[in-house]
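Written out below as structure tokens is the structure these notes cover.
Since every read-out is calculated from the coordinates, none of them should be taken as a lab result. Since the structure is predicted, the reported quantities are computational estimates derived from the model, not experimental observations. Note that each Cβ is placed from the backbone with ideal geometry, even for glycine, and that neighbours are counted across all protein chains shown.
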Amino acid sequence: MSLLIVNGRVVDPANGVDVIQDVLVTNGRIAKLGGGLKAPAATETIDATGKVVCPGLIDMHVHLREPGREEDETIATGTAAALAGGVTSVACMPNTEPAIDTQAAAEFVHLQAQRARNANVFPVGAVTKGREGKELAEIGGLVEGGAVGFTDDGSPVVNSEIMRRAMEYCKMFDKAVLSHSEDLELSKNGVMNEGFESMRLGLRGYPAVAEEVMVYREIALARLTGARVHILHVSSAGSVELVRRGKEQGVRVTGEACPHHFTLTDECLRTYDSNFKMSPPLRTRLDVEAILDGLRDGTIDVLSTDHAPHAPEKKMRELDQAPNGIIGLETFLPICIKGLIEPGVLSWPKMLEKMTINPARVLGIDRGTLRPGAVADVTIIDPDVEWTIDPHQFRSKSRNCPFAGWKVRGRARATIVGGDVKFEH
Ligand SMILES: [Zn+2]
Ligand SMILES: [Zn+2]
């Protein structure tokens, strides 16, 4: 069975491709790119005129909640949400219950993903057993079970000596350590960014420096060990600058930004709506500008969602009681278009680079390109369609979205995984 996608704007940042042409897929792989391709017999054809055709989007920061918190999300519902958002691969965080800290746990994720037959799922292993920060997890076994990186996300690795050893181990397997950078003493009981707005609202602050001291530590340890470190959800101007300087000095550090951190600010908390509560928190206009600069100059390599589902009854608690996090898979593309393409911060190829080949490189996975021979994970985007975000339409089990009611432009028209059209809008 073959699939021919004709006349789309094919953008493959890994190979510097940005041209109107056709893409032929056979046996689940990219066969050929070019103009006026002839379809073999029994070929399905998709007319992509006026559409962007790119490698399937990769969201390397997703919480799928299974096992343990299936009331918030499951591997099946989370990957269905991914497909609807044009995402063909997700890396899922290990802060499940129990944590993904053994080979068997990573294999369970793979098994459930195979059963769901939606997007590809690449598990990220825990750095420490039970994410308790005391003892290293079975790094080697987790790699064997398919773990593509290591993190205790949701929490930092508090003990610097354990983090140093984690980096030394991960380097042996050429895996990146993904850092949730937070000094828990400085951020303690913080509900929102510490600053003018928190003072005005009388809410306890989580200062930017709580993030920055840990970003500094991670970069220092990466310099010492030669390991690769990826700073998750960079939220502050100071963190952007630290990653920039680390790169200049040759440290193997990459940075990641989430759409909410460059489209919203702490002023949103004036509504006391818990859908604006996440960790790290929304910060100030200056931080937003710094993240946009970091995206522009390449300091920030990766766009991801930090998709963090919570069942409505949990998010409906008072602001200081409500859990951190928002969902993002089904708003990833339009919010990035609104925040990055529309104001001219990034071009389509530059934005898609941070959603395809760059996360693939951080994770060391064979995805994120339309090179002939590659697995045919393809997203077809309608860049012009206007729509209004309505969380009740989402495939995700949860509804904790801060963008409800936003008028946006652009969405996935078709999501193709391994040559199969898994989603069409
Ligand atoms: Zn985190
Ligand atoms: Zn996270």
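A few comments on the model shown:
- Size of charge dipole - region 1-127 - debye, nearest 20, with Cβ of Lys, Arg +1 and Asp, Glu -1, no other charges: 580 debye
- Beta bridges per DSSP with both ends in region 8-138, % antiparallel, nearest 5: 50 percent
- Each of Ala237, Gly146, Val213 was scored by the projection of its Cα onto the charge dipole of the chain, and the greatest displacement toward the positive side belongs to Gly146; charges sit on the C-beta of Lys, Arg, Asp and Glu.
- Label-point gap, in nm, between Glu97 and Lys188 - each point 7 angstrom along Cα→Cβ: 2.5 nm
- Cβ-Cβ distance of Arg409 and Arg204, R₀ of 41 Å, FRET efficiency by 1/(1 + (r/R0)^6): the value works out to about 0.65.
- Cα shape, region 383-425, gyration tensor, a/c 1.5 rule: oblate
- Taking the charge dipole of the chain about its Cα centre, with +1 at Lys and Arg Cβ atoms and -1 at Asp and Glu Cβ atoms, the residue from Ala106, Gly298, Phe276 reaching farthest to the positive side is Gly298.
- Under a Gaussian network description of the chain, with springs only between Cα atoms under 10 Å, the residue in Cys92, Cys268, Cys401 that fluctuates furthest is Cys268.
- Cα centroid of region 211-283 to Cα centroid of region 335-403, whole Å: 20 Å
- Calculated [θ] (222 nm, deg cm²/dmol) that DSSP helices of n ≥ 4 give over the chain, each run adding -39,500 (n - 2.57): -8000 deg cm²/dmol
- Rounded D (µm²/s) - region 83-128, Kirkwood Rh over Cα pairs, Stokes-Einstein at 20 °C, 1.002 mPa s: 195 µm²/s
- Within the same chain, lysines fewer than 8 places from Lys171 are excluded, and of the rest, those with a Cα less than 24 Å from its Cα are Lys129, Lys134, Lys247, Lys354.
- Relative packing of 241-249, 96-104, which averages over residues the other C-beta atoms within 10 Å, highest first: 96-104, 241-249
- Of Asn15, Asn120, Asn358, the one that fluctuates the most in a GNM where the chain has Cα springs shorter than 10 Å: Asn15
- Model label points for Met316 and Thr45, set 7 angstrom from Cα along the Cα-to-Cβ axis, are 5.2 nm apart.
- Our summary of shape: the Cα atoms of the chain have principal axis extents of 64, 45, 43 Å, ordered from largest down, in whole angstrom.
- Cα gyration tensor shape of region 13-156, rounded if a/c is under 1.5, else prolate or oblate by comparing a/b with b/c: prolate
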